[in-house]
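Reading through the structure tokens given below for one structure.
The values are calculated or read from the model by the stated rules, or taken from the named source; none is laboratory data. Because the structure is predicted, anything quoted here is derived from the model rather than measured. Cβ placement follows ideal geometry from the backbone for every residue including glycine, while neighbour counts extend to all protein chains displayed. SASA here: full protein model, heavy atoms, side chains in, ligands and nucleic acids out. Shrake-Rupley method; radii C 1.70, N 1.55, O 1.52, S 1.80 Å.
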Amino acid sequence: MGYSVLLYTGLHVAVWAVASLMAAQAMGVSRWDFMLFGMVALGTVGVLMMLLAVCAGLGHVHMGVEAFRYRLGAAMVLLTVPLWITILLAPVALVESLVAVLFAWLMPAPLIPENWEGLPRMSPGDRAPL
């Protein structure tokens, strides 16, 4: 679990550093101000995303790994919707969405391999769950 926190924090800092190098001048903002936006976003949206990821990772015992990653990424991007509503924070929301998708793809799944039970067995007459 500590690996997940370090992975998310490292991805967050790396993506925000690249974004500050590329987009800060185009937006008319200094690079340090843009990085300050990133640190504030890490403290607000990032903490919520980490809680979601850790809780989902701990509860992930029956789902396939790919399905887990897609659903976690979609849920994490939904946490950035309030940022998209405010047009001033649209670049922040874009960077946070990118961090969420990258983290969902790179997060170790299952989070605790000893508890993973695998996909449920289906008999020939059963329908696949949605």
Task: Residue, least open to solvent (accessible area, probe 1.4 Å), within segment 54-63, restricted to residues that are in contact with a helix residue (DSSP H, G or I) (Cβ under 7 Å, 6 or more places away or on another chain) and not in a helix (DSSP H, G or I) - done: His60
Task: Residues located in segment 36-53, provided they are closer than 22 Å to Leu21 by Cβ, open to solvent by 60 Å² or more (accessible area, probe 1.4 Å) and without any contact (Cβ under 8 Å) to a residue 40 or more places away in the chain - done: Leu36, Met39, Val40
Task: segment 64-76: number of residues that are closer than 11 Å to Glu96 by Cα and surrounded by fewer than 19 Cβ atoms within 10 Å (Cβ to Cβ) - done: 0
Open item on the list: Given the criteria modelled with pLDDT under 75, over 8 Å from the mean Cα position of the chain (by Cα) and not in a helix (DSSP H, G or I), does Val92 qualify?
Closed with: no
TODO: Could you give me the residue pairs with C-beta distances under 9 Å whose first residue belongs to segment 16-34 and is within 15 Å of Ala93 (Cα to Cα), whose second residue is among the polar types (S, T, N, Q) wherever it lies, and which are 6+ apart or on separate chains?
DONE: Ser20/Ser30; Ala24/Ser30; Phe34/Ser20
Open item on the list: What pairs come out if I take residues in segment 76-91 that are of a type in the set (Ser, Thr, Tyr) and pair them with residues that are surrounded by 10 or more Cβ atoms within 10 Å (Cβ to Cβ) and at pLDDT 75 or above whose C-beta lies under 8 Å away, six or more apart or interchain?
Closed with: Thr80/Val45; Thr80/Ala93; Thr80/Glu96; Thr80/Ser97; Thr80/Ala100
Open item on the list: So, in segment 1-53, exactly how many residues are over 24 Å from Val81 (Cβ atoms), in contact with a helix residue (DSSP H, G or I) (Cβ under 9 Å, 6 or more places away or on another chain) and of a type in the set (Phe, Trp, Tyr)?
Closed with: 1
